[in-house]
Amino acid sequence: MKFSILIVDDEKNIREGLGRSLEMDGYEVLLAEDGKQGWSLVNEEHVDLVIADLKMPEMSGEELLKRISSAYPTIPVIILTGHGTIESAVEAMRNGAFDFVTKPVNLDRLSLLTKRALSNRELVLQHRNLKEEVERLKSRRTAGAIIGKSSQMQKIMQMIEQVAATKASVLITGESGVGKELVADAVHNLSNRKDNPYIKVHCAALAESLLESELFGHEKGAFTGAVSMKRGRFELAHTGTIFLDEIGEINQQVQIKILRVLQDKKFERVGGEHTQEVDVRVVSATNRDLKSEIEEGRFREDLFYRLNVVNIHVPPLRDRKEDIPLLISAFLQEFSEENQKNIEGIDPRARLALYNYHWPGNIRELRNCIESAVVMSKGNIISYDDLPPTVTSGSETDYIKIEVGSSMEDAEREMIRATLHRENGNKSRTADVLGIGRKTLHRKIQEYKLEE
């Protein structure tokens, strides 16, 4: 990605001199002789950074900054100022300028500020691209709230589409926090039962003594406290779908009744004699190994096969790290809006920590982590220090040794080389970890001769 820089200064020698210097650094340069012309170019051309003099005819640098900050808040502005107007430059920074440089311009300082400003700009653009990709994923017919582009998640989405239109029972397996409920939601929402009842039962949250009554209802006087007849969840789900989360937690007595519903579509309320008939599609989920539960005598084998007509296994987050950038983007957007913050990206060091962390709590833990980082952030870019200690202290960080006296180019080359090596040559993951675009990474690989 080649960045475009707009230089706005009414002194011809200054703007053309700065332009030549920045072109030598590899940037595309646009020139404007006053704020009015500069504002026109910002609206007409692609501009990644503006370097503007503070005092100009037609339109001042202050007015140009005000307009850019209002209309294009992600474009950074560096102010040029004389020694007599430094106070005005400081005020401009309070109004949104990235930084300022005094005249005569120190080209080394300007080059450093330019790289720093464009680094932030690249993070913002990367976050924006990820947000657009998240929206595209959400708009698909397949899975609404399911976010992921890894091969594992693509396979799951294909399975959901294929199985949703059938009446087959579905068993969703996977560790706690991987998003099993979202898969169940998608199965129902894509089925021909989507306009009919969708009843969710979190089996582990119900006391064993109440579970049978909750699922199948009870008649008046069936037990102490049963002051009236109550319909159960299966009855309420008639013609629709019932989702039994943590199905491995239910006792043998309830297992028998669920098996009968699956086989005969019939049951009796607790304390009742009249047989109820229901048409219900059963989707269940568990983080337990039900085959081991069968061997231990805690789960009925015949019920397992009835529930497990189609199995959808959701892998843990550590096995599909390609999905982390999209999930981060989705959660940043969610919690930025919820907390009325303008978070525009995440810096490379924080991104690397999120990649290296093992995520024992899976997506649920990542979501909580990003919520905490948004709340704790002091700027519009999430930094490493904004992340919870559990993530930063628990990240399996690889260290790169760079000797004192090394050039910036040597340091950058080593960082890219080491990250490529750690990601087994995967350029997409390497670009995500480093917080740069793929085009930028490819250019750097060629520049530093890292193809092999």
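The values are calculated or read from the model by the stated rules, or taken from the named source; none is laboratory data. Here the structure is a predicted model, which is why all the values come from computation and not from measurement. Cβ placement follows ideal geometry from the backbone for every residue including glycine, while neighbour counts extend to all protein chains displayed.
When each of Ile436, Ile381 is tested for being over 24 Å from Gly177 (Cβ atoms), of a type outside the set (D, E, K, R) and not assigned by TED's automatic domain parsing to the domain that holds Asp323, the lone residue that passes is Ile436. Among the residues that make up segment 257-273, is at least one of them within 40 Å of the chain's Cα centre (by Cα), surrounded by fewer than 21 Cβ atoms within 10 Å (Cβ to Cβ) and of a type in the set (Asp, Glu)? No, that holds for no residue. Checked across segment 42-63, the condition of being under 23 Å from Thr440 (Cα atoms), in contact with an Asp or Glu (Cβ under 7 Å, 6 or more places away or on another chain), outside the structural domain of Gly379 (by TED's automatic domain parsing) and crowded, with 16+ Cβ neighbours inside 10 Å holds for no residue. Exactly one condition in (1) modelled with pLDDT of 80 or more; (2) under 20 Å from Asp323 (Cα atoms); (3) surrounded by fewer than 17 Cβ atoms within 10 Å (Cβ to Cβ) is not met by Thr397; state its number. Here Thr397 clears every test but (1). The set of residues in segment 56-72 being in contact (Cβ under 8 Å) with a residue 40 or more places away in the chain and not hydrophobic (A, V, I, L, M, F, W, C) consists of Pro57, Gly61. Within segment 348-372, the set of residues being part of a loop (DSSP other than H, G, I, E, B) and surrounded by 20 or more Cβ atoms within 10 Å (Cβ to Cβ) comprises Tyr357, Trp359.
Evaluate segment 265-283: report whether one residue or more is modelled with pLDDT of 95 or more and in contact with a Leu (Cβ under 8 Å, 6 or more places away or on another chain). Yes, some residue in segment 265-283 is modelled with pLDDT of 95 or more and in contact with a Leu (Cβ under 8 Å, 6 or more places away or on another chain). Restricting to segment 279-302, what's the tally of residues that are closer than 15 Å to Ser169 by Cα and either small (Gly, Ala, Ser) or crowded, with 18+ Cβ neighbours inside 10 Å (or both)? Total satisfying the criteria: 7. For segment 99-118, the candidate set comprises residues that are part of a helix (DSSP H, G or I) and without any contact (Cβ under 8 Å) to a residue 40 or more places away in the chain; within that set, the residue that is nearest to the chain's Cα centre (by Cα) is Arg116. Per this entry, Ser88 is not counted among residues that are under 36 Å from the mean Cα position of the chain (by Cα), part of a helix (DSSP H, G or I) and surrounded by fewer than 21 Cβ atoms within 10 Å (Cβ to Cβ). Exactly one residue among Asp99, Asp34, Asp53 is of a type in the set (D, E, K, R) and in contact with a Pro (Cβ under 6 Å, 6 or more places away or on another chain), and that residue is Asp34.
When Gly345, Gly379 are screened for being loosely packed, with under 15 Cβ neighbours inside 10 Å, at pLDDT below 85 and either under 21 Å from Ser428 (Cβ atoms) or not β-branched (Val, Ile, Thr) (or both), only Gly379 passes. Per the listing Leu206, Leu190, the residue uniquely without any contact (Cβ under 8 Å) to a residue 40 or more places away in the chain, crowded, with 17+ Cβ neighbours inside 10 Å and over 22 Å from Gln276 (Cα atoms) is Leu206. If you filter segment 17-30 down to residues that are in contact with a strand residue (DSSP E or B) (Cβ under 7 Å, 6 or more places away or on another chain) and either over 24 Å from Met93 (Cβ atoms) or outside the structural domain of Thr114 (by TED's automatic domain parsing) (or both), you find that the one that is surrounded by the fewest Cβ atoms within 10 Å (Cβ to Cβ) is Glu23. Taking every residue in segment 167-187 that is free of Cβ contacts under 8 Å to residues at least 60 places away in the same chain and pairing it with any residue that is small (Gly, Ala, Ser) and crowded, with 18+ Cβ neighbours inside 10 Å, at least 6 positions away or on another chain, the pairs with Cβ-Cβ distances below 7 Å are Ala186/Ala143.
Among residues that are over 21 Å from Ser428 (Cα atoms) and modelled with pLDDT under 90, Thr392 is included.
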